[in-house]
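Novice: If you scroll down you'll find the structure; I have some questions about it.
The values are calculated or read from the model by the stated rules, or taken from the named source; none is laboratory data. All of these numbers come straight from a predicted model, not from anything done at the bench. Note that we place each Cβ from the backbone using ideal geometry, even for glycine, and neighbour counts take in every protein chain shown. These accessible areas exclude ligands, DNA and RNA; they are computed on the full protein's heavy atoms, side chains included. Shrake-Rupley method; radii C 1.70, N 1.55, O 1.52, S 1.80 Å.
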Amino acid sequence: MLDIVHFPLFLASVVLLCITPGPDLAYVVGQSVARGRQAGVLSASGVALGSCTHAVASALGLTALIAASPLLFTVIKYTGAAYLIYLGTKMIVATFRVRHVFRPEGVEAVAQTETRQLLLRGFITSITNPKVLLFFIAFFPQFVTVEGDHHAISFLLLGLAYALTGLITDVLFALLAGGAAGAVAKNQALQKALDRVVGATFIGLGIRLALTRR
C-alpha cells in the first residue's frame, strides 16, 4: 500500500489510543450523557473533522513544522487548554441558571444552532490537542518507509484511517453513553450534577494539557 508498512499494527495501536480517556472522548461522552445520542454523534463528527485536518496538515508537512517550532507548539497547547477550561467553566456556570423551556416553534432553530456548536466544539477540541499532533509526528513515521516516493499520500491515508477509526469508536461510546440520556433529561438535579462533573473534568484536562511538555 504505497509506502505504508505494518498497517494492521498501526490500526491496532490507533484503536487503543482512541479508547484511552482524553479530551476528545470526554467531550463526546459528556455530550451524549447530558443531551442524548444525537448530540454525541455530532460531537464525534466534529472531532473526526479535526482529525482529518491533522491528517491533511501531516501530509503537507505542517505538523512537522509546528512540532519543530516551540512557539507554535506552545500557542496551540495553551489555546487548547484555554478552550477546554472555557468549556468546563461554561458548563458549570450554566447549571446555576434557570433553565427555560422553548416553545415548539423555536425548537428547530435551536436544534440547528446546537448542531453547529457541537460540531465546532468537537473540531476545536481535536485540532488544539497537542497530544494528537505529537502522535502524528512521533508515531506515523514508523509506518512509512524512509526511501519511499509517496510520503505525502501515505501520511494522508494513515491520517484518514486514524480519523475514521476515531469516529467509529467515538460514535460507539456516544451510543452507549446516550442510553442514559433519557433518564438524565427527566431529572434536572441529576443533569446539573453530571454537567458539573463533566465541566470539572474539562477544566482538569485543560490544566493537564497546559502542563504537557513535548
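Novice: Just give me the residues in segment 20-43 being open to solvent by 40 Å² or more (accessible area, probe 1.4 Å) and either at pLDDT 80 or above or more than 15 Å from residue 169 (Cβ to Cβ) (or both), in sequence order.
Specialist: 29, 35, 37, 38, 41
Novice: Say whether the condition of being modelled with pLDDT of 65 or more and part of a helix (DSSP H, G or I) is met by at least one residue in segment 94-102.
Specialist: Checked segment 94-102: at least one residue is modelled with pLDDT of 65 or more and part of a helix (DSSP H, G or I).
Novice: Test residue 87 against the stated conditions and say whether it is over 27 Å from residue 13 (Cβ atoms), at pLDDT 80 or above, buried (at least 19 other Cβ atoms within 10 Å of the Cβ) and of a type outside the set (D, E, K, R). Give the derivation first.
Specialist: Values: over 27 Å from residue 13 (Cβ atoms): yes; at pLDDT 80 or above: no; buried (at least 19 other Cβ atoms within 10 Å of the Cβ): yes; of a type outside the set (D, E, K, R): yes.
Considered against the rule, which asks whether it is over 27 Å from residue 13 (Cβ atoms), at pLDDT 80 or above, buried (at least 19 other Cβ atoms within 10 Å of the Cβ) and of a type outside the set (D, E, K, R), residue 87 comes out as no.
Novice: Follow-up. Filter segment 103-121 down to residues that are modelled with pLDDT of 55 or more and open to solvent by 60 Å² or more (accessible area, probe 1.4 Å), then give me how many there are.
Specialist: As a first pass, look at segment 103-121 and keep what is modelled with pLDDT of 55 or more: 111-121.
Checking which are open to solvent by 60 Å² or more (accessible area, probe 1.4 Å) leaves us with 112, 114, 116-117, 120.
Summing the residues that are modelled with pLDDT of 55 or more and open to solvent by 60 Å² or more (accessible area, probe 1.4 Å) in segment 103-121 gives 5.
Novice: Within segment 62-77, work out how many residues are more than 19 Å from residue 23 (Cβ to Cβ), at pLDDT 70 or above and either open to solvent by 40 Å² or more (accessible area, probe 1.4 Å) or not hydroxyl-bearing (Ser, Thr, Tyr) (or both).
Specialist: 3
Novice: Could you tell me which residue of segment 130-171 is nearest to residue 44 (Cα to Cα), considering only residues that are outside any helix (DSSP H, G or I) and either at pLDDT below 75 or open to solvent by 50 Å² or more (accessible area, probe 1.4 Å) (or both)?
Specialist: The extreme case among them is 139.
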